[in-house]
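Asks: I'd like to ask you about the structure that follows.
Quick note: the coordinates plus some simple rules give every number you see, no bench work behind them. Keep in mind the model is a prediction, meaning the values are calculated, not measured. Note: ideal-geometry Cβ built from the backbone for every residue, glycine included; neighbour counts use all protein chains shown.
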Amino acid sequence: MGWAQTERNLLALVCDLNAPEPEAETAAVKLGKLLRKRGATIAELLDGRHNSAAAPSIITSADYGLFRMEWGPCYKGEMLADIAIKDFNYLQRQVAWLKSIPEKERSPKLVRTLEAIQKYLATRKP
């Protein structure tokens, strides 16, 4: 059995050295769950018994929808893609709030979150 498109994207994100660490870790967990669910074998994954035309593709940017909110009473621990389904405007409000904080006063966590939300929203429509 070949690689599914979702599996290829997740693997590419895991291997992307430029991907933010939280997104790469989330992608690794999701990939593991998908492979276990379909009963993938080590032979299929490493010995080339999968369709070589369907080998993992390289994606040019991280899927910021996999970024997990690191704070907040409503959506802490949830992925941006899931939050957007429930409350797209929440993400827009978070961007406005984060931008209102002077750059020098933003913690690394807030900077990471702002960057992830902005990049995610740039690829999505409500």
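Asks: Search the range 8-26 for residues that are crowded, with 19+ Cβ neighbours inside 10 Å and pair each with any residue that is among the acidic types (Asp, Glu) and in a helix (DSSP H, G or I) when their beta-carbon atoms are under 7 Å apart and the residues are at least 6 apart or on different chains.
Replies: Pairs that qualify, where the first residue is crowded, with 19+ Cβ neighbours inside 10 Å and the partner is among the acidic types (Asp, Glu) and in a helix (DSSP H, G or I), are 13/23.
Asks: Taking the range 104-119, which residues are under 14 Å from the mean Cα position of the chain (by Cα) and either farther than 17 Å from residue 71 by Cα or surrounded by fewer than 13 Cβ atoms within 10 Å (Cβ to Cβ) (or both)?
Replies: Across the range 104-119, the qualifying residue is only 119.
Asks: Could I ask something else about it? For the range 68-77, which positions are within 18 Å of the chain's Cα centre (by Cα) and surrounded by fewer than 16 Cβ atoms within 10 Å (Cβ to Cβ)?
Replies: Result: 70, 71, 76, 77.
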